[in-house]
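Report on one structure; see the data block that follows.
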C-alpha cells in the first residue's frame, strides 16, 4: 500500500478508536436512573413504543405519578403515553410535544398546568433528566438552548461525558450493568408508587408578591395551543388533585380564562376529588404531593370517562394487534404492583419503596 | 593592561589573573566585584561599559576585559 | 477567554485549521487577526491601550533606527574630514537624541501601566494616611479595568524598544508585523516575555505542516491541560478553603495550605506555559522556555534562574545591568569606597540595585503591599545567602565529601522549596500582617492531630480528589526525573506509533475524566450526591 | 533510573489503596454556611436565626399547634418541612442528615419582628426601623443581611407579608 494511504488509514483508525474509548467512558459515567432516582429514565422509554397512542400527556410529576395509561386501556381501551419528567417546564413540554408529533399524531394532548408557575430555568439537575433522555433533533436543540441555567453549556448536552465525568468516584454496579441497555421503569410513562401517607395538615397558602404567570410561560402555553390546533389535536388542560405546591385561586382564574378564550377543556381535579372518589388519607404516598397507585387508578378511571365523552375517543380493545401489545403491558403492570405491595409489607411501614 | 590588573588585584589579591580564564564561570568574581570593577574601569579609563556588554565571555579573563575596554575606547572615536 | 474554557479550545482549533489552509504568505496576517479577535473578546477597551503601545513603540523604534543610520552614513561620508573630537561630539549628540526618544516612549507606556494598575493602590495608601489623621479617606477609588496582559505586553515591547536603542535588534518597519509581536495571543495570559530578536526568527516565517512539530505541540498542550485541570484546579479548592477562613484553619493547616499552594501554583503556572508554548509550536513558532524544573534548584538564586525565566531575564537585562553599569551607581560606588572603606563600598551599590530590582519585580506582580514585601523578602534572602557564601565555603571545607552526597542535595532542594513556599504565603493571604500572624500560628498552635484526624476532609474536596492529586504529582515527579536526561517527547517519538498513541490517549482521557471542570465538579449539592 | 519508577509505583499503589479505604469510612462532610447571622425572629422561646440548626429551635418551641407538613418535591430528595406554630410558620431544609431553618413566615399580626414590625404596618414604619437600603422588586421590599434576607410585601401602604429567608446562591 502506498505510504500515504497507510498513514491516512492509521490516522482514521486512531481517531475512531479514541472516539470509541470516550464513548465507552460516557456510557459508563452517565447516570442510569435505574434505582433511587428513576425519574431520569422516563423520557427515553418513549422511543421503545411500537404502537400509536390516542392520548399524549405532557407535564411534570403531576402527570407521570397520577395518571395510569394501563388503567385507561383496561377501562376504556384508550391508548395513551405520558411524556412526563421531574419539574418539566412549559417550554420543555412544548418541545417534547413538537418532537412527539414527528413520531405520531395523537387525537388528544393533555397538559398539566402547574408548571406555568415557573417562568425561567430552575434547576440544572432537572434539566438534565428531562433533556438527556431525548433523542437528538431540532426540538431537543431548541429545548436545551431555552432551558439552560447560568453555568450550563450546550457542549455538555452534546457530550454528556463533559458533564458527568466527575461521577467516576460514585460509580456503582448499576453503572456497569446498564452501560448499554436500560430496563423499563415506567408503564407507558407512569411511575408507580405504593404505600400510603395520609394528609394530616393542609399546607398553608402564603401571600405572593405577584400572582400572574410570567411572559415566558404564557408564550409557550400559546405555542402548545397553536401546534395542537394546526395538527387538529384536541388540547385538554388539567390540574392534578395534589395539594403541594399550593395552587392559588388567582392562578386557577387565569387558566380558566385562557381555556374559555381558546375554547379548551380544563379540568381541575382538586375541585372534583370526591366525584373521582379520591381520598387523600389513603390515596397518597407522601401526604398529598403525589397519588399512589390506587389514587392514580381512580383518577384515570374518572378522567377516562371524561375523555371518552368529551373527545370522542374510540375503544381500541377490539383491535387484536393492540390488545396483544397491551396484554404484555398489563402483566408487567400487575407484576410490579404485586412486587411493590410485598416490599411495602416487608418494610413494615408505609414509607416510599 | 597592568592598570586593569591592579584593579582586579584590589578585589581579589590571591588570583593569578594572567592565566585564569573563568573569573565569572568559577564564581571568583561575584556581583559585588563586578560593579566595583566597572566603577574603577570607568574612573581609570573614562569608558562606560554598556549594560548589554556585561556577559560572561567579556569578563572571564583579564585579557578579555582589556580587549573589551580597548574596543569601547576606539569605538568612542 | 480562559485557557480552560471551551471557547478557547474551539478558537485554537479554528486558528490551527485556518493557519495551514491559508496560503503561506498570509499566515502571519491570520495570526494578527486571531490576536485582534482574541483581544476583542477580553474587552474592546483594552485594545485602545495596546494600540497606543504599538504605535508609540513603532514610532520610537523607527525614528531611532533612521537616526542611527543617518548618523552612521554621515560619519562614513565625513571619515576624513572630521577630527576625533568633532566625531565624538556628533556621536554624543546623536546618542542624546536617541535617548530622548527612548525615554519618551518608556514614559508613555510605563505611565499607562502605572496609572491603570497602581492608581487605586496609591489612593488606598493616601486614604490610609489621611484616615490616620482625619479619620476617613480622602480620594475616591477609580474603577480602571486592567486590559488583558498589559503587564506582559508592555514589558515585552519595552524590551524590544530598548534592544533597538542599543542596536541589538533591527527595528521592524512593518507596523503590522510589530503589532503581531506585541499581541501574540498565547503569551498575553501568563507570558513568557519574549525577545524580539528570538521570536522574529519563527514568528514571521512561512510554516508548512510538519507532523513532528504539530505532534510535539499537541502533546505539550495536553500535558499543560493535565497539570492545570487534573492537579491545579482540583487542589485549588482546598487552598481557597484554608486561605478563605483563617480563623478556622490555622496551625498545621497553614503548613498544608503552603504545600498545596506550592503544588497548585507550579501545576497551574507551568501548565499554562506548556499550553502557550505548545500552541506556538503547533503553529511552528518557538517561544523561550519559562521553567526548568524549578523545584529541583538547590538555592534561591538558582531557583530564580529556573522559575519564570523570561521575567528574571527581563529584569536582569533591562533593570539590573543597566543600573549597575550606570554612571550614578558607579559614582556612588567610588564615593562610598573612599569614605566608608572597602567593605561597605562593595556592598552598598549592589544592595541598592538589588532592592530596586526586587521592588520592581514585587510591584509588577500586583499592586499591593504583600507583593512588594514578597519581592523585598526574596531580595533579602538572596543577599543573605550571598553574604554567607564564605561561611558555606568554610563549612564545606570541613566536610568535603558532604557536598555531592545525595542526602545533602535533597536537603538543599527541600530547604529551597520550603523557603519559597513560606515567601509565597504573602501571595496567598494577600495581607502582610495576616500572613505573618498565620505563619506564626504554625509554631504556636499545634493541631496536627485534628487535621489528619478528619480535618483534611472539611477542606471541600473528597478523599478521591486527594488520591488524584497525589497520583498526578507523582506522575509530574517521574516526568521531571526523565526530563533531566533530555526531552521526554523526543524519546517518546522514537517509540512505536502505538505506544505514542496510547500515551496521548491516556493524557486526553485523564484530562476529560479527572479534570476539575464543569458543573459536576464544583462540589455544590448535585442531586445524586445525596443518595 | 529503574529503581525510581519501582519506588514511585508502589507508593502510588499504597496511596490509592489507603485513600479509597479511608474514602469509604469518612465520606465527605461539607462545612455548612455561616450560622446565626442577619436579622432574627424572636418568639416567646428566644431568638431564631436563619440557617440555624433546626432541632434545638424546634425542641425549644415544642409541638407546633397547627401541625407539620412534609413536602418532598418531585424527584429531589431534599425534604422541606413546614412547622405551623400560632402566628408564624418555620420551614426547614435538610442537608447531610441535619435540618436547618430555611424560612420563617409571619402569618398574622399577633407576632412582630424583633424590630417591632407586624402585618398591617405602613411603609414608613418599616423604613423608620430598617432604613431605606432595601432592594425593591414588584411590591417586595427585601433587606439583605449576612446570608439571609427579610422581605416585606407592601400593597397600598399596608404590610401584607413578612418573611425571613436563607439566601441560596
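The values are calculated or read from the model by the stated rules, or taken from the named source; none is laboratory data. From a predicted model like this one, the values you see are computed outputs, not experimental measurements. As a convention, Cβ positions derive from the backbone with ideal geometry for all residues, glycine included, and neighbour counts pool all protein chains shown.
Residues considered: A:335, A:259. Of these, the only one that is loosely packed, with under 15 Cβ neighbours inside 10 Å and more than 20 Å from the chain's Cα centre (by Cα) is A:335.
Among the residues of segment C:8-29, those that are surrounded by fewer than 16 Cβ atoms within 10 Å (Cβ to Cβ) and farther than 15 Å from residue C:218 by Cβ comprise C:10, C:14, C:18, C:21, C:22, C:23, C:24, C:25, C:26, C:29.
Residues in segment A:136-158 that are surrounded by fewer than 22 Cβ atoms within 10 Å (Cβ to Cβ) and within 14 Å of chain C (Cβ to nearest Cβ): how many? Result for segment A:136-158: 9. The set of residues in segment C:100-130 that are farther than 21 Å from residue C:149 by Cα and at pLDDT 90 or above comprises C:100, C:101, C:102, C:103, C:104. I'd like to check something: does segment A:193-215 contain any residue that is buried (at least 19 other Cβ atoms within 10 Å of the Cβ), outside any loop (DSSP other than H, G, I, E, B) and modelled with pLDDT of 90 or more? Checked against the condition, which is being buried (at least 19 other Cβ atoms within 10 Å of the Cβ), outside any loop (DSSP other than H, G, I, E, B) and modelled with pLDDT of 90 or more, segment A:193-215 yields no hits at all.
Anything in segment C:478-516 that is away from chain A (no Cβ under 14 Å), touching a residue at least 24 places away in the same chain (Cβ under 8 Å) and not in a helix (DSSP H, G or I)? List them, or say none. Answer for segment C:478-516, where residues must be away from chain A (no Cβ under 14 Å), touching a residue at least 24 places away in the same chain (Cβ under 8 Å) and not in a helix (DSSP H, G or I): just C:484. Residues that are under 18 Å from residue C:387 (Cα atoms) and more than 8 Å from every other protein chain (Cβ to nearest Cβ) number at least 2 in the following helices (runs of 4 or more DSSP H) confined to segment C:281-348: C:300-303.
Would you please name the residue that is surrounded by the most Cβ atoms within 10 Å (Cβ to Cβ), looking only at residues in segment C:162-187 that are assigned to a helix (DSSP H, G or I) and within 14 Å of another protein chain (Cβ to nearest Cβ)? Can you show your working first?
As a first pass, look at segment C:162-187 and keep what is assigned to a helix (DSSP H, G or I): C:162-166, C:175-183, C:185-187.
In the following step, the residues that additionally are within 14 Å of another protein chain (Cβ to nearest Cβ) were identified as C:162-166.
Numbers: C:162: 20, C:163: 20, C:164: 26, C:165: 23, C:166: 17.
For segment C:162-187, the residue satisfying everything is C:164.
Among the residues of segment B:23-32, is there at least one that is touching a helix residue (DSSP H, G or I) at 6+ places or on another chain (Cβ under 7 Å), farther than 29 Å from residue C:160 by Cα and either more than 8 Å from chain C (Cβ to nearest Cβ) or not in a loop (DSSP other than H, G, I, E, B) (or both)? Yes: one or more hits. For segment A:169-192, give me each residue that is part of a loop (DSSP other than H, G, I, E, B) and away from every other protein chain (no Cβ under 14 Å). The answer is A:178, A:179, A:180, A:181, A:182, A:183, A:184, A:188, A:189, A:192. Of the strands (runs of 3 or more DSSP E) lying entirely inside segment D:86-169, those carrying at least 2 residues that are within 13 Å of residue D:50 (Cα to Cα) are D:88-95, D:98-106, D:140-145, D:148-155, D:158-166.
Can you find even one residue in segment C:393-412 that is surrounded by 12 or more Cβ atoms within 10 Å (Cβ to Cβ) and not in a helix (DSSP H, G or I)? No, segment C:393-412 contains no residue that is surrounded by 12 or more Cβ atoms within 10 Å (Cβ to Cβ) and not in a helix (DSSP H, G or I).
Listed residues D:112, D:94; which is touching a strand residue (DSSP E or B) at 6+ places or on another chain (Cβ under 9 Å), farther than 30 Å from residue A:85 by Cβ and surrounded by fewer than 18 Cβ atoms within 10 Å (Cβ to Cβ)?
Values: D:94 fails: farther than 30 Å from residue A:85 by Cβ.
D:112 is the lone residue from the list that is touching a strand residue (DSSP E or B) at 6+ places or on another chain (Cβ under 9 Å), farther than 30 Å from residue A:85 by Cβ and surrounded by fewer than 18 Cβ atoms within 10 Å (Cβ to Cβ).
Only a single criterion out of (1) within 14 Å of chain C (Cβ to nearest Cβ); (2) touching a residue at least 60 places away in the same chain (Cβ under 8 Å); (3) surrounded by fewer than 16 Cβ atoms within 10 Å (Cβ to Cβ) is not satisfied by residue B:1, namely (1). Being within 30 Å of residue C:508 (Cβ to Cβ) and either in contact (Cβ under 8 Å) with a residue 24 or more places away in the chain or assigned to a helix (DSSP H, G or I) (or both) holds for only one residue in C:451, C:373, C:469, C:381, and it is C:469.
The numbered conditions (1) closer than 23 Å to residue D:160 by Cα; (2) more than 12 Å from every other protein chain (Cβ to nearest Cβ); (3) under 13 Å from the mean Cα position of the chain (by Cα) are all true for residue D:133 except (3). Checked against the criteria, residue C:434 does not count as modelled with pLDDT of 90 or more, surrounded by 13 or more Cβ atoms within 10 Å (Cβ to Cβ) and either in contact with a strand residue (DSSP E or B) (Cβ under 9 Å, 6 or more places away or on another chain) or over 26 Å from residue C:350 (Cα atoms) (or both).
Against the condition more than 14 Å from chain D (Cβ to nearest Cβ) and over 24 Å from residue A:53 (Cα atoms), how does residue A:124 come out, does it pass? So residue A:124 does not fit the description; no. Assuming residue C:420 fulfils every condition listed in (1) modelled with pLDDT of 90 or more; (2) away from chain A (no Cβ under 11 Å); (3) more than 19 Å from residue C:262 (Cα to Cα) apart from one, which condition is it? That leaves (3) as the condition not met.
Matching residues to (1) at positive phi; (2) surrounded by fewer than 21 Cβ atoms within 10 Å (Cβ to Cβ); (3) not in a loop (DSSP other than H, G, I, E, B):
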{"residue": "D:42", "(1), (2), (3)": "no, yes, yes"}
{"residue": "D:63", "(1), (2), (3)": "no, yes, no"}
{"residue": "D:66", "(1), (2), (3)": "no, yes, no"}
{"residue": "D:69", "(1), (2), (3)": "no, no, yes"}
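For segment B:40-77, how many residues meet the condition of being facing another protein chain (nearest Cβ under 10 Å), assigned to a loop (DSSP other than H, G, I, E, B) and either under 19 Å from residue C:323 (Cβ atoms) or at pLDDT 80 or above (or both)? Within segment B:40-77, residues that are facing another protein chain (nearest Cβ under 10 Å), assigned to a loop (DSSP other than H, G, I, E, B) and either under 19 Å from residue C:323 (Cβ atoms) or at pLDDT 80 or above (or both) number 5.
Condition first: more than 13 Å from chain A (Cβ to nearest Cβ) and over 20 Å from the mean Cα position of the chain (by Cα). Now tell me which residues in segment D:136-161 satisfy that.
In the first step, residues of segment D:136-161 are kept if they are more than 13 Å from chain A (Cβ to nearest Cβ); the result is D:143-150, D:156-157.
Result: D:156, D:157.
Only a single item in (1) surrounded by 14 or more Cβ atoms within 10 Å (Cβ to Cβ); (2) without any contact (Cβ under 8 Å) to a residue 60 or more places away in the chain is not met by residue C:190, and it is number (2). Of all the residues in segment C:30-47, those that are farther than 16 Å from residue C:186 by Cβ, part of a helix (DSSP H, G or I), out of contact with any helix residue (DSSP H, G or I) (no Cβ under 7 Å at 6 or more places or on another chain) and in contact (Cβ under 8 Å) with a residue 60 or more places away in the chain number 1.
Looking only at segment A:159-168, residues that are under 24 Å from the mean Cα position of the chain (by Cα) and at the interface with chain C (Cβ under 7 Å from one of its Cβ atoms) come to 3 in all.
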